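Every read-out reported here was derived from the displayed coordinates using simple, explicitly stated rules and does not represent laboratory data. Please read these numbers as outputs of a predicted model, since none were measured by experiment. Ideal geometry is used to build each Cβ from the backbone, glycine not excepted, and the neighbour counts take in all protein chains shown.
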Amino acid sequence: MLADYKVCIDACVLANYSVSDLLLRLAERPRIYTPVLSNMILDEVRRTHVEKLGWGEEMADSWQAAIRESFSETIADGFEPLVSCMTNDEKDRHVVAAALVGKA
C-alpha cells in the first residue's frame, strides 16, 4: 500500500524515541503516510534530545543524520516568509508554515 497523505510532525512528537520510531517506520515504503518535516523542527528535536533528555552529542547527531538521509525528500523549505503570517502560538508558527508549504 502506498498512501501519500501528508502529515507534519512536530518536535514534541519526534523527540520521543519510541513514538518517532513507530511513526517513521510507518512512513517508510510501502508507507501509509508521508511525513512533512523541516530543518527548524529537526533542530528543535536535537536540542530536546541533548538538553532535556540527556542524549550524548554523538547519539543525537546519528539520529539526525539517519532522519535527514531517510526522509530528505520530505523536508519542507521556503516556508520562512510565512511564519510571521501565522496566528497560532508564536513558538509553533514555523510548524504550521512548514505544514502549509509541505501541503500537509
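The slack in the chain from Leu23 to Ala66, taken as 0.36 nm per residue of separation less the alpha-carbon distance, amounts to 14.0 nm.
Near Val36, the amide H atoms lying under 5 Å from its own belong to Val7, Cys8, Ile9; only residues 5 or more places off or on other chains count, and H is placed 1.01 Å from N.
Mean projected area of the convex hull spanned by the Cα atoms of the chain, taken over all viewing directions: 6.5 nm². Within the straight-line cut-off of under 21 Å between alpha carbons, the lysines reachable from Lys6 are Lys103, sequence neighbours fewer than 8 places apart in one chain being disregarded. Straight-line cross-link partners of Lys52 among the lysines, defined as a Cα under 21 Å from its Cα and at least 8 positions apart when in the same chain: Lys91. Per-residue 3J(HN,Hα) values for region 87-101, derived from phi via the Karplus relation 6.51 cos²θ - 1.76 cosθ + 1.60 with θ = phi - 60°, read 10, 6, 3, 4, 5, 10, 5, 5, 5, 5, 5, 5, 4, 5, 5 Hz in sequence order (x marks Gly and Pro). Neighbours of Ala99, meaning other residues whose beta-carbon lies under 12 angstrom from its beta-carbon, give a summed charge of +1 when Lys and Arg score +1 and Asp and Glu score -1.
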